[in-house]
Amino acid sequence: MLLEIRERRVGDVVILDLVGKITIGEGSVLLRDSVSRLLDQGSNRIILNLGGVSYVDSSGIGELVSRYTTTKNTGGRLKLLNLPKKIKDLLMITKLLTVFEIYEDEQAALESF
Amino acid sequence: MMLAENVVELSIASQLEFIDLVTTLTDNITGMIGFDEEAAYWINMAVRESVANAVEHGNKYDTQKTVDIRFTIGTDALRVAIRDYGEGFDPATLPDPLDPNNILNPAGRGILYMRTFMDSVEYERHPEGGMQVTMSKRRAPKPLDEGDHKHDAVGN
């Protein structure tokens, strides 16, 4: 398994803990499906905890962007938690760092909704 | 004098599952010739992006078509050429992913990453069909070994 996603709920916020790689194919598809399922269930306050993600390619970055816009279009919000430096670098290069709400602290992320 | 160069080649079918095979080989080569961990990570990513583009956009997942990868280990740089057998494209016509209108596009960032992480990235239509991208990354100058330092220290 390239990517594992575990789900936690804190109040009406869903935290997805991601471990592994978000790359073209399996990883990107799993992320897409996981967020889509939450939105279908009416859960649109989402935190992606990326602390366990070791590698993201352009497809994975694209998937983060897609899930961000899809969630926003439902009136919800998708925020990022524990961004590894290399993912931060990738977002900076493509001017996406200011698009996302990014948190280092889970409690602060939860309280931001 | 002709400088010695080592060449490593492999061909994969146009399936995403094989990309890891190519990046594993990339890691072996960058490690073998002394790129540091940071440089090796980004070279890995540039190769991954290029091979993924060849599989997806070039060969359009046609498993009858291969993606050919050639690593040339030069004394000055590592060069990686990736060839597909697709219809080809003009990279100048691709949308700019940094254009504010494109910032939230789900795709179109791969080539920007490749250009960021490598010293050069060149596209050309292969004379026998398909596209070939050739990327290079300079190797760090070899540090003086301990013997050289001692040699300098005694002022000879």
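FYI, it's all coordinate maths here, none of it is from the lab. Bear in mind that the values here come from a model prediction, so they are computed numbers and not experimental data. Cβ: placed from backbone, ideal geometry, glycine included. Neighbour counts: every protein chain shown.
Only one residue of A:Gly11, A:Gly76, A:Thr98 has its Cα farthest out toward the positive end of the dipole of chain A, where Lys and Arg carry +1 and Asp and Glu -1 on Cβ, and that residue is A:Thr98. The Cα atoms of the stretch B:44-131 give a gyration tensor whose axes a ≥ b ≥ c have a/c of 1.5 or more with a/b no greater than b/c, which makes the shape oblate. Size check on chain A: the Cα extents along the three principal axes, sorted descending, read 31, 26, 24 Å. Hey, how much of the P(r) for the stretch A:47-113 falls beyond 19 Å, as a percent of Cα pairs? When all Cα pairs of the stretch A:47-113 are counted, 27 percent exceed 19 Å.
The longest part of chain A holding none of the exposed loop GluC sites (Glu not before Pro), meaning those outside H, G, I, E and B in DSSP with at most 16 other Cβ atoms within 10 Å, is A:1-100.
Using C-alpha pairs under 8 Å with a sequence gap of at least 6, the mean separation divided by the residue count of chain B gives a relative contact order of 24 percent. Take the Cβ atoms of A:Ser54 and A:Phe100, set R0 to 22 Å, and the FRET efficiency comes out at 0.70. Using alpha carbons only, the radius of gyration of the protein assembly as shown set against its Kirkwood radius gives Rg/Rh = 1.05. Computed from the Kirkwood radius of its Cα pairs, the Stokes-Einstein diffusion coefficient for chain B at 25 °C and 0.890 mPa s stands at 144 µm²/s. Exceedance of the 32 Å cut-off in Cα-Cα distance is limited, within the set A:Lys95/B:Lys65; A:Lys79/B:Lys137; A:Lys95/B:Lys137; A:Lys21/A:Lys95; A:Lys72/B:Lys137, to A:Lys95/B:Lys65; A:Lys79/B:Lys137; A:Lys72/B:Lys137. Taking every alpha-carbon pair under 8 Å whose residues sit at least 6 apart, chain A reaches a relative contact order of 24 percent. The slack between A:Arg37 and A:Ser112, meaning 0.36 nm per residue of separation minus the straight C-alpha distance, is 24.7 nm. Result for chain B in a Gaussian network model with C-alpha springs under 10 Å: among B:Asn44, B:Asn105, B:Asn28, the largest mean-square fluctuation is at B:Asn105.
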